[in-house]
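The values are calculated or read from the model by the stated rules, or taken from the named source; none is laboratory data. Since this is a predicted model, take the numbers as computed values, not measurements. Don't worry about glycine lacking a Cβ; one is built from the backbone with ideal geometry, like all the others, and counts go over all protein chains shown.
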Amino acid sequence: MKHVYLDNAATTRVRDEVISKMQEALANNYGNPSSTHSFGRTAKTAIESARKTIAKYMNAHPSEIIFTSGGTEADNMILRSAVKDLGVETIITSKIEHHAVLHTRKKWKPMG
Ligand SMILES: Cc1ncc(COP(=O)(O)O)c(C=O)c1O
């Protein structure tokens, strides 16, 4: 029987070329990008290069590209920042939104 994956809203299959790039980075470019030694500088260069590439494809400035560890961190960061730093007063969500969005919104905007 042929299986068809239909849960791409949750997660998607990783393309082979992405796996290959990730394996290469994990094996050879594991320095801490915040470190000033050569391993760190090499990692930092790779990250900044990726940031520029992504920004170009998204027609954005590299400074607008923020890497997070996952969806929950990204949701929290952007919602908190919108309220705290940008003064956003209304956040519209729906009942089907992910808990990472709903719970963060409730904590920061309990009225809506
Ligand atoms: C909108 C949204 N936020 C958060 C998550 C959770 O992501 P993570 O497990 O990477 O924190 C998901 C996962 O599907 C999501 O769709």
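Here are a few things to note about the model shown:
- Unmet requirement for Ile78, which otherwise passes all of (1) away from the ligand (no atom under 16 Å from the Cβ); (2) free of Cβ contacts under 8 Å to residues at least 12 places away in the same chain: (1)
- Verdict on Gly112 being at pLDDT below 95 and surrounded by fewer than 10 Cβ atoms within 10 Å (Cβ to Cβ): no
- Total residues in the stretch 44-81 satisfying the condition of being outside any helix (DSSP H, G or I) and exposed (fewer than 13 other Cβ atoms within 10 Å of the Cβ): the figure is 9.
- Number of positions in the stretch 33-43 that are farther than 23 Å from Ser63 by Cβ and assigned to a loop (DSSP other than H, G, I, E, B): 1
- Index of the failed condition, Arg105 passing every other in (1) under 20 Å from Thr12 (Cβ atoms); (2) at pLDDT below 95: (1)
- In the stretch 34-75, the residues that are of a type in the set (Val, Ile, Thr) and without any contact (Cβ under 8 Å) to a residue 12 or more places away in the chain: Thr36, Thr45, Thr53, Ile54, Ile66, Thr68
- Residue within the stretch 89-105 that is more than 15 Å from the ligand (Cβ to nearest atom), within 19 Å of the chain's Cα centre (by Cα) and hydroxyl-bearing (Ser, Thr, Tyr) present: no
- The condition (being out of contact with any Lys or Arg (no Cβ under 6 Å at 6 or more places or on another chain), surrounded by 10 or more Cβ atoms within 10 Å (Cβ to Cβ) and in a loop (DSSP other than H, G, I, E, B)) is satisfied by just one residue among Tyr30, Tyr5: Tyr30.
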